[in-house]
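For reference, the structure is listed below as structure tokens.
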Amino acid sequence: DVKVTQSSRYLVKRTGEKVFLECVQDMDHENMFWYRQDPGLGLRLIYFSYDVKMKEKGDIPEGYSVSREKKERFSLILESASTNQTSMYLCASLGGRIYGYTFGSGTRLTVV
Amino acid sequence: GENVEQHPSTLSVQEGDSAVIKCTYSDSASNYFPWYKQELGKGPQLIIDIRSNVGEKKDQRIAVTLNKTAKHFSLHITETQPEDSAVYFCADKEGNNDMRFGAGTRLTVKP
């Protein structure tokens, strides 16, 4: 089975800190995605990548950036964390013959 | 992108009863409709999906129906069990475009 691993389940960071959320997938998928999940809003796409060193903005990219230096790793970066970025962050990958996304377990980030 | 509307936002049923969650999409070009189940503390997991050339698909107690004319698709869970309690998300997708998710339905199955 495809495995998508997010390095942290829970994070607490201070306002203004630079935060890195890491995501690794083990099935050589081309496509990777970062979503944030908030109550009543469902999943909202922050950034996605279709290939190494390639990135595209999703619906809510403000305050975030991403890095994809290797195919298996897609990092989400909060340049200067703010309290309104407190959320659950989900990474997903897509590729091969699988048509649906495979999600990681999520990182619950709290910014204080 | 255009959203997927999902109803209800919360659903409580008695164990053994059926549960139905409905979604409406707006892009007539959408051709793939997955359903995800998210248990507490975990990421969403694909439980069933349907493509636009099929009207219904079943997998044991779970079924999905698609009405392309009305742009509706629904998740049906029969003989619900407490372990079915979770948040369920619908989504739609067209070709290589991104997946669009509904806001989720919190299903509670009471023993």
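The values are calculated or read from the model by the stated rules, or taken from the named source; none is laboratory data. Bear in mind the structure is a predicted one, so any value in this text is a computation, not a measurement. Positions of Cβ are backbone-derived with ideal geometry, glycine not excepted, and every protein chain shown enters the neighbour counts. Please note that ligands, DNA and RNA were not included when accessible areas were found on the heavy atoms of the full protein model with its side chains. Shrake-Rupley method; radii C 1.70, N 1.55, O 1.52, S 1.80 Å.
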Lone unmet requirement of (1) under 15 Å from the mean Cα position of the chain (by Cα); (2) away from chain A (no Cβ under 11 Å); (3) among the aliphatic types (A, V, I, L, M) for B:Ala70: (1)
Residue check, A:Lys3 basic (Lys, Arg) and more than 12 Å from chain B (Cβ to nearest Cβ): no
Positions within segment A:58-89 being part of a strand (DSSP E or B) and touching a residue at least 40 places away in the same chain (Cβ under 8 Å), in sequence order: A:Arg73, A:Phe74, A:Ser75, A:Leu76, A:Ile77, A:Leu78, A:Ser87, A:Met88, A:Tyr89
In segment A:1-41, residue least open to solvent (accessible area, probe 1.4 Å) [restricted to those that are in contact with a Lys or Arg (Cβ under 9 Å, 6 or more places away or on another chain) and closer than 13 Å to A:Ile60 by Cβ]: A:Tyr35
Residue check, B:Glu83 surrounded by fewer than 16 Cβ atoms within 10 Å (Cβ to Cβ) and within 11 Å of chain A (Cβ to nearest Cβ): no
Strands (runs of 3 or more DSSP E) enclosed by chain B - at least 1 residues per element that are β-branched (Val, Ile, Thr): B:10-14, B:19-24, B:45-51, B:62-67, B:72-77, B:86-92, B:105-110
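Residues are listed down the side, and each one gets a yes or a no for (1) in contact with a Cys (Cβ under 9 Å, 6 or more places away or on another chain); (2) within 27 Å of B:Tyr32 (Cα to Cα):
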{"residue": "A:Ile46", "(1), (2)": "no, yes"}
{"residue": "A:Tyr50", "(1), (2)": "no, yes"}
{"residue": "A:Asp59", "(1), (2)": "no, yes"}
{"residue": "A:Glu69", "(1), (2)": "no, no"}
{"residue": "A:Ser75", "(1), (2)": "yes, no"}
{"residue": "A:Asn84", "(1), (2)": "no, no"}
{"residue": "A:Ser87", "(1), (2)": "no, no"}
{"residue": "A:Gly104", "(1), (2)": "yes, yes"}
Failed criterion for A:Gln37 (all others in (1) among the polar types (S, T, N, Q); (2) under 14 Å from A:Gly106 (Cα atoms); (3) in contact (Cβ under 8 Å) with a residue 40 or more places away in the chain; (4) out of contact with any Gly (no Cβ under 8 Å at 6 or more places or on another chain) hold): (4)
Within segment B:92-111, tally of residues that are at the interface with chain A (Cβ under 10 Å from one of its Cβ atoms), over 16 Å from the mean Cα position of the chain (by Cα) and surrounded by fewer than 17 Cβ atoms within 10 Å (Cβ to Cβ): 1
